[in-house]
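Notes follow once the structure below has been shown.
The values are calculated or read from the model by the stated rules, or taken from the named source; none is laboratory data. Everything numeric here is computed off the predicted structure, so don't read it as measured data. Note that we place each Cβ from the backbone using ideal geometry, even for glycine, and neighbour counts take in every protein chain shown. Keep in mind that these areas ignore ligands, DNA and RNA; they rest on the heavy atoms of the full protein, side chains included. Shrake-Rupley method; radii C 1.70, N 1.55, O 1.52, S 1.80 Å.
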Amino acid sequence: MTAPSPWWQRGVIYQIYPRSFLDTDGDGIGDLAGIEARLDHVARLGADAVWLSPFYPSPMADFGYDVADYCGVDPIFGDLAAFDRLLARAHDLGLRVLLDFVPNHSSDRHPWFQESRSSRTNAKRDWYIWRDPGPDGGPPNNWISDFGGPAWTWDEATGQYYLHAFLKEQPDLNWRNPEVVAAMMAAMRFWLDRGVDGFRIDVLWHIVKAEGLPDNPVNPDWREGVRDRDRLIQRHSTDQPEARALAAQFRRMADGYGERVLVGEIFLPNERLARWYGTAEEPGVHLPFNFQLIEQPWDAHRLGDVIAAYDASVPAHGWPNWVMGSHDAPRIAGRIGEAQARVAAMLLLTLRGTPTLYQGDEIGIGRVEIPATRARDPQELRQPGIGIGRDPSRTPMPWDGSPDAAFSTAEPWLPLNPDWRTRNVAAQEHDPGSMLHLYRKLLALRRDRPALALGSWHALEAPSGVIAYERRHGDERLTVLLNLTAGRIAIPWRADPILSTLATDPEPGALRPDEGLILA
Ligand code: NOJ
């Protein structure tokens, strides 16, 4: 008998952005008590785990991805007792809890960095990456911050530069120093010992840099108007073998706690992404995030190829995963429209691999314009107007039609979606044809049908504009047909329809405009 598959292979992860879930203390910003109060929404949806974006003490230069204490809770969000209550409630509801672990950089307010920058001889100097100026007196190499501008900041007091892959308020830790490894692993243990079920690991492929910090090659494809970061190819600043060895070390530690899961945030093409699974003997992270549904144009032919190539690239000891939205990416319904967002939901929830959902996508939140005066995201503020601002995906959850959608009693930190009076959780609860109900049906089906949760994936021949595939597990066969166009497409199907993305009965021999179908 083969061992039953672990929960993180069968299950579905739901990402919560704590600032924007529910505010219970009237400051316009979501908090841990708010998450606890609304976990039943996630449980009713049918997800298996929540991943919480950072809630650690932070000056919020990058909204929590600048951590000033890896083992605490920022007072904006609550305290450790509030976290413990949230965790207990989640476990009571059968939900696992993954935290966001941010290893590449801390906040410049973290006591470690304060010590490190205090003098060249401080015991923590080498916990961060300090270098003398380059030969021309400028930065030590040509690296560019992911948020634009040089990745080095000059520190007047000690006369050296420090490295930061993101904001200057987010200095990169030096993972080549064993004391850093020990301190950060102790932080992970702090939360594992408290009972968390795993981590989503922020920019995992960034954590170690090539020895000698050589210049990155220039990207010949960069054009004006494209983000600054892409001027260079990040060959020496990311994806180093030593980082994969650290991932294997994290894995050994997590596995020591039983069925825990590590999800790695990694942006790489298939063959390089696959290396983050490690080997069967020495596995890396369980799920190196696969962002291709976010990155690719919404085109049936293209996506069909991408899905097949990715599915084939996952090693036998690995397990695939899919993501379609996050606090960093444009909203799927904003990108492709509501009708296709329903097809997208069916795609995400019927592919082979663990899906990660992003809060608000289950009610189809679409485009939100953020007036320049309300922009908060440092990426937008530093490179305005080129469409890379992340505020539109971080707007508060609209719970019902009461003032400020019952998110808060104060003005929310970001505006709500403009249609919140009609597009909110309560309104969709009452509408059986809503996106929310479609998500629930898809999740329920995935739970009931091993072919969807665990089965193999096989591409089927399909007319232009359609993605078609079969999922197989034992004797069970399910066919998925997705019409990525707004036109009717004739396609002979014979099996029994068990779910359509449209509210009315399917039409034999065709896919209607914007229709996805699951057939048994
Ligand atoms: C990825 C996170 O998802 C993003 O929000 C953050 O700005 C960067 N990492 C830096 O931590």
Mind listing the long-range amide H neighbours of Ile498? Cut-off is under 5 Å, sequence gap 5 or more, other chains count too, H placed in the peptide plane at 1.01 Å from N. Ile518, Leu519, Ala520
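Using Cα pairs closer than 8 Å and at least 6 residues apart in sequence, work out the relative contact order for the chain, in percent. Write out the running numbers ahead of the final one.
Numbers: 1091 pairs, mean separation 66.9, N = 520.
Relative contact order for the chain comes out at 13 percent.
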Dipole of the chain (Lys/Arg Cβ +1, Asp/Glu Cβ -1, origin at the Cα centre): which of His110, Ala510, Gly225 lies farthest to the positive side? Ala510
Take the Cα coordinates of the range 83-150, assign each an equal point scatterer, and use the Debye formula without solvent to give log10 I(q)/I(0) at q = 0.19, 0.24 Å⁻¹. -0.91, -1.12
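Rounded, prolate or oblate for the range 104-257? Axes are the square roots of the Cα gyration tensor eigenvalues, ordered a ≥ b ≥ c, and the cut-off for rounded is a/c under 1.5. Mind dumping the intermediate values first?
Working: a/c = 2.09, a/b = 1.34, b/c = 1.56.
It is oblate, given that a/c is not under 1.5 and a/b is not larger than b/c.
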Please work out the Cα center distance from the range 248-270 to the range 38-107, rounded to the nearest Å. 18
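Using a simple charge model, +1 on the beta-carbon of Lys and Arg, -1 on the beta-carbon of Asp and Glu, nothing else, what dipole does the range 149-306 show about its Cα centre, in debye to the nearest 20?
My answer is approximately 160 debye.
Rounded if a/c is under 1.5, else prolate if a/b beats b/c, else oblate: with a ≥ b ≥ c from the C-alpha gyration tensor eigenvalues square-rooted, which is the range 337-419? Spell out each step's value before the answer.
Values: a/c = 2.27, a/b = 1.33, b/c = 1.70.
Oblate is the answer for the range 337-419, as a/c is 1.5 or above yet b/c matches or exceeds a/b.
With charges set only on the Cβ (+1 for Lys and Arg, -1 for Asp and Glu), what does the dipole of the range 1-122 come to about its Cα centre, in debye to the nearest 20?
Numbers: 10 positive and 17 negative charges, 87 e Å.
It comes to approximately 420 debye.
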Restricting attention to the range 371-413, which chymotrypsin sites (Phe, Trp or Tyr not before Pro) occupy a DSSP loop and are surrounded by at most 10 other Cβ atoms within 10 Å? none
Probe 1.4 Å, all chains present, heavy atoms only: His473 accessible area in Å², nearest 10, is 80
Under 24 Å from the Cα of Lys168, which lysines turn up, not counting those fewer than eight places away in the same chain? Lys124, Lys209
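Determine, from the Cβ-Cβ distance of Ala210 and Ala510 and an R0 of 41 Å, the FRET efficiency 1/(1 + (r/R0)^6), rounded to the nearest 0.05. The partial results should precede the final answer.
Values: r = 55 Å, r/R0 = 1.33.
It comes out at approximately 0.15.
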If one takes the longest principal axis of the Cα atoms in the chain, at what angle in degrees, from 0 to 90 and to the nearest 10, does the Cα axis of helix 435-448 lie? 90
Whole-Hz couplings from phi, Karplus 6.51/-1.76/1.60, listed for the range 259-272; x for Gly and Pro: 7, 9, 9, 10, 10, x, 7, 9, 9, 8, x, 2, 5, 7
Taking N as the number of residues in the range 238-298, what is its alpha-carbon radius of gyration divided by 2.2 N^0.38 Å? 1.18
The Cα radius of gyration of the chain, divided by 2.2 N^0.38 Å with N its residue count, comes to 0.97
Modelled label reach - Tyr257, point 7 Å along Cα→Cβ, the range 160-186 residues with backbone N closer than 19 Å: 181-186
For the range 424-430, in order, what is each residue's ³J(HN,Hα) by Karplus, 6.51 cos²θ - 1.76 cosθ + 1.60 with θ = phi - 60°, in whole Hz (x at glycine and Pro)? 8, 4, 5, 4, 6, 4, 8
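State whether the range 375-520 is rounded, prolate or oblate according to the following rule on the C-alpha gyration tensor (a ≥ b ≥ c being the square roots of its eigenvalues): a/c under 1.5 gives rounded; otherwise a/b larger than b/c gives prolate, and the remaining case gives oblate. Spell out each step's value before the answer.
Values: a/c = 2.28, a/b = 1.88, b/c = 1.21.
Prolate is the answer for the range 375-520, as a/c is 1.5 or above and a/b outweighs b/c.
Where does the longest stretch of the chain lie that holds no trypsin sites (Lys or Arg not before Pro) found in a DSSP loop with 11 or fewer other Cβ atoms within 10 Å? It would help to have the intermediate numbers written out before the result.
On the way: sites that count: Arg223, Arg494.
Value returned for the longest uninterrupted segment is 224-493.
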Go through Ala333, Gly46, Asn177 and say which Cα lies farthest out towards the positive end of the charge dipole of the chain; charges sit on Cβ, +1 for Lys and Arg, -1 for Asp and Glu. Gly46
Around Arg488: net Lys/Arg minus Asp/Glu count, Cβ-Cβ under 14 Å: -2
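Work out, step by step, the length gained on full extension between Asp132 and Ala182: first 0.36 nm times the residue separation, then minus their alpha carbon distance; give nm to one decimal.
Working: separation 50, 0.36 × 50 = 18.00 nm, distance 2.67 nm.
Between Asp132 and Ala182, full extension yields an extra 15.3 nm.
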Per-residue accessible area, 1.4 Å probe, largest first, puts Glu115, Glu461 in the order Glu461, Glu115
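Report the calculated FRET efficiency for Ala486 and Asp230 (r = Cβ-Cβ distance, R0 = 30 Å), to the nearest 0.05.
According to the calculation, E is roughly 0.40.
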For Arg367, other-chain or 5+-apart residues with amide H closer than 5 Å (H placed, Pro excluded) are Gly334
May I ask you to work out the translational diffusion coefficient for the range 36-194 at 4 °C, viscosity 1.567 mPa s, via Stokes-Einstein with Rh from the Kirkwood sum over Cα pairs, reported in whole µm²/s? 75
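At a Förster radius of 51 Å, what calculated FRET efficiency corresponds to the Cβ-Cβ distance of His458 and Phe190, to the nearest 0.05?
Numbers: r = 44 Å, r/R0 = 0.86.
After rounding, the FRET efficiency stands at 0.70.
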Counting only residues 5 or more places away or on other chains, whose amide H sits under 5 Å from the amide H of Val50 once H atoms are built in the peptide plane? Tyr14, Arg96, Val97, Leu98
Quick one: what are the phi-derived ³J(HN,Hα) couplings along the range 100-106, Karplus 6.51/-1.76/1.60 with θ = phi - 60°, whole Hz, x for glycine and proline? 8, 9, 10, x, 5, 8, 10
Antiparallel %, DSSP beta bridges [both residues in the chain], to 5: 55
Linear extension gain, Asp448 paired with Trp222, 0.36 nm per residue minus alpha-carbon span: 76.7 nm
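Starting from the residue with the highest accessible area, list His430, His164 in decreasing order, probe 1.4 Å.
Largest accessible area first, the residues go His430, His164.
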